[in-house]
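Let me begin by presenting the structure, written as structure tokens, before commenting on it.
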Amino acid sequence: MEIVRVSGVLAAQGLQAPTINALVPNIDNYQVLLMQPAGFIEASAAGVHNRDRDLARQQFSEFLATVAETNVDLAVTPEYSMPWDVLVQAVKDGMRPKPGKLWAFGCESITFEKLCALRSDLEAGAVLICESLEVIADRFVDPLVYLFLASPTDGGASRLVMLVQFKTHPMGDADHFELNALQRGKCIYQFGEVGHSVRLLSLICSDAFAFFDQDAYAVYDRSLVLHIQLNPKPRHQQYRLYRERLLKFEGDATELICLNWARDVREWCPDDEKSWKNIAASAWYLKPNKHFDQRDATLSGNHRLGLYYTWLKPLRVHALFFNYNPAIYLITATKVAHIGVVTVLSRRRGPQLTRRLDWDAEAANWTDNGDADDEFAPLAAESRGARGEIIRLHGENPYATERVLALCAGMIGYQDSWHDVCTLDSCSIEESEIVRRITFCQDIDPGASAFRVARLRRCGQLWDVVANRSKLPPAVADLAEGYRLEWLSDFPHQNAISNQGRRATLIHMGEDAAYVEIEAVAKRVAEFLHRSCSNPHDSLADRQRVAVWFRNNEGQIVSLPMDRYLSIDKTGDASEFDIGREQ
């Protein structure tokens, strides 16, 4: 793998390097269009292609029409996806990006000989540039095609450039498919210059295997990295390593866009059909910035359309995953870095999903189709009697729903900021990148599924207990007359409000919690409530309305006596607890 500057490649062709809008480090937002196609693929000695040719022509032709209509700054398709006949015809018909725009299309495989023939065929309308390879009849290349406009160094009208990057490293598979048939390139092209702009470069799927520490060190700062894939196991450790290498460095000016095909790819090789049963795991990774927009309204807006927040805890990175279903995603994003921008204007909010388009087979085009299906509604039935409340909450704010459920289960951690999305346990992902989000249910990992079910069932158990008047402590007896589940940022440690408008904290510790653990949770929630109050009277009132239930050694559901947590023998706002020692 050799990282090569695009400016040098173009200079050798008598062309100037373009100014790419997405890479100008100013305050202007830029727009990105990502296509996550449905996978009906054919793998043979000739390479990897779309099996349903007519459907692929329709979908990718309409995608190109959407690219032109939206006039986005950056358009991307995943590995092996764009049919060459669609792209070539579009170029011959005069379709091209406007100045400052960049298209990055993972194209179907092709032999180097056929690519050279295309160069001659397109000569009148485009300059096709690629590294020189030997012509080998029984080998194919895995190409990424960049399309952009560049001006001649000696003046004159701009030319359409098709810069082709070849995959540099084969995937690992039992049949050695790419190992035996892939003709590899060496060059990874880099747009932008060090110190003057944001840089952009792309990896094609298993290129990630050959991306080492020295490569990450060379490009991590002020870079947008695209990783296009056709990958049945996108979160396999070997595919994650390059992200760890890029994101481990100090600084917040590194962003990654990983774009895979949609879930449940079907492969024919050549006639034997195989279902991958894969996840998509397309995602946008970015380092934390003090202005990253993690307000509920913003994250919920993304969620509705199909972009789901998680916090990649080991690397301290925001990781936003796209819905796994086939779609086109239109995103408005802030620049990876701001250079020469005054502090008050430098607000890097992160990606905002503004449109999601689904394929309408009857109309044969991509259409807006309302909210994305996060597949939470069927799972909500696990909360039994609480289902109606949980569905209502989810409709209002999916992140508030996850906080309510965390409180119901007593999963509030050790800090009073437990409810922040960077701290909330269901939003946190470990290095495996398994997503346990409760209101985004497409991750099929058994552990993630078990986590969601357990959390919802605990809420259902709590609902049943509260419905039994005899189980209600006197301080929350008014709940018998009716209540609803609710979470508000002004009352972050309470998850219920009675019909009389009185808030409460309701917790069910389940069947197997140790008594010492039950007491510790009660102590922490009482302390968090105390800290959040402005005066001792409110503190006492809020802590009186905490109810913690559990199953005792006799198999009975009982409530924990809360009296010991209610009397503060110091005046003023001082706390009687030192939970900082509690680990």
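Just so it is clear, none of the values below were taken in a lab; they were calculated from the coordinates. Everything numeric in this text was worked out from a predicted model, so none of it was measured. Virtual Cβ from ideal backbone geometry, glycine too; neighbours counted across all protein chains shown.
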**Request:** Calculate the spin-label point distance for Ile27 paired with Asp121, positioning each point 7 Å from the Cα along the beta-carbon direction, and give it in nanometres.
**Result:** 4.8
**Request:** Take the alpha carbon gyration tensor of segment 1-148, find the square roots of its eigenvalues, order them as a ≥ b ≥ c, and report rounded if a/c is under 1.5; if not, report prolate when a/b exceeds b/c, else oblate.
**Result:** oblate
**Item:** Neighbour cut-off at most 12 other Cβ (10 Å), DSSP loop, GluC sites (Glu not before Pro), segment 85-124
**Value:** Glu123
**Asked** If amide H atoms are built 1.01 Å from N in the plane of the peptide, which residues on other chains or at least 5 residues away come under 5 Å of the amide H of Arg355?
**Response** Leu330
**Request:** Go through segment 400-443 and name the chymotrypsin sites (Phe, Trp or Tyr not before Pro) that are in a DSSP coil and have 14 or fewer other Cβ atoms within 10 Å of their Cβ.
**Result:** Tyr414
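Counting other C-beta atoms within 10 Å, which of Leu122, Leu393, Leu462 has the fewest, and how do the rest follow? Walk me through the intermediate numbers first.
Working: Leu122 17, Leu393 25, Leu462 28.
So the residues, fewest neighbours to most, are Leu122, Leu393, Leu462.
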**Item:** Estimated distance in nm for a label pair at Asp358 and Arg295, the labels positioned 7 Å out from Cα along Cα-to-Cβ
**Value:** 2.9
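As an exercise, identify the trypsin sites (Lys or Arg not before Pro) in segment 91-193 lying in DSSP coil whose Cβ has no more than 13 other Cβ atoms within 10 Å.
Details: sites: Lys92, Lys101, Lys114, Arg119, Arg139, Arg159, Lys167, Arg184, Lys186; in loops: Lys101, Arg139, Lys167, Arg184, Lys186.
In loop regions of segment 91-193 (DSSP not H, G, I, E or B), the sparsely surrounded trypsin sites (Lys or Arg not before Pro) are Lys186.
Quick check on segment 379-576: take the gyration tensor over C-alpha atoms, sort the square-rooted eigenvalues as a ≥ b ≥ c, and tell me if it's rounded (a/c under 1.5), prolate or oblate.
Numbers: a/c = 1.56, a/b = 1.36, b/c = 1.14.
Judged from the Cα gyration tensor, segment 379-576 comes out prolate (a/c at least 1.5, a/b above b/c).
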**Request:** Return Val453, Val127, Val32, Val72 ranked ascending by Cβ neighbour count within 10 Å, so the fewest neighbours appear first.
**Result:** Val453, Val127, Val32, Val72
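Which percentage, to the nearest 5, of the DSSP beta bridges contained in segment 2-368 is antiparallel? Don't jump to the answer; show the numbers that get you there.
On the way: 53 of 85 bridges.
Looking only at bridges with both residues in segment 2-368, the antiparallel portion is about 60 percent.
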**Asked** How high is the FRET efficiency from Ala520 to Asp52, r the C-beta distance, R0 45 Å, rounded to 0.05?
**Response** 0.20
**Request:** Report the extension gain between Ala381 and Ser489 in nm, rounded to one decimal, defined as 0.36 nm multiplied by the number of residues separating them, less their alpha carbon distance.
**Result:** 36.2 nm
**Asked** According to a simple spin-label model (label point 7 Å from Cα along Cα-to-Cβ), what is the distance in nm between Cys269 and Asn468?
**Response** 5.5
**Item:** Under 11 Å, Cβ to Cβ, from Arg457 - net charge with Lys/Arg +1 and Asp/Glu -1
**Value:** +1
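Looking at the square roots a ≥ b ≥ c of the eigenvalues of the Cα gyration tensor of the chain, which shape do they give, rounded for a/c under 1.5, prolate if a/b is larger than b/c, or oblate? List each step's numbers first, then the result.
Details: a/c = 2.56, a/b = 2.07, b/c = 1.24.
Since a/c reaches 1.5 and a/b is larger than b/c, the shape of the chain is classed as prolate.
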**Prompt:** Sequence-distant or interchain residues sharing an amide H contact under 5 Å with Val317, placed H: which?
**Reply:** Leu312
**Message:** Over the chain, what is the relative contact order in percent, taking alpha-carbon pairs closer than 8 angstrom and at least six residues apart?
**Reply:** 11
**Request:** Let me have the relative contact order for segment 379-576, percent, based on Cα pairs under 8 Å that are six or more residues apart.
**Result:** 19
**Under 5 Å, built H, 5+ apart or other chain: amide partners of Ile110** = Val141
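Could you tally the net charge around Leu133, taking each other residue with its Cβ under 10 Å from the Cβ of Leu133, Lys/Arg +1 and Asp/Glu -1? Provide the component values of the computation, followed by the final result.
Details: positive: Arg139, Arg184, Lys186; negative: Glu113, Glu131, Glu134.
Taking every Cβ under 10 Å from that of Leu133, the sum is 0.
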**Message:** If I require 30 Å or longer along the helix axis, counting alpha carbons, and a Kyte-Doolittle average no lower than -0.5, what helices from the chain are left? Use full DSSP H segments.
**Reply:** 446-467
**Prompt:** Helix-derived [θ] at 222 nm for the chain: sum -39500 (n - 2.57) over DSSP H runs of at least 4, divide by residue count, nearest 500?
**Reply:** -7500 deg cm²/dmol
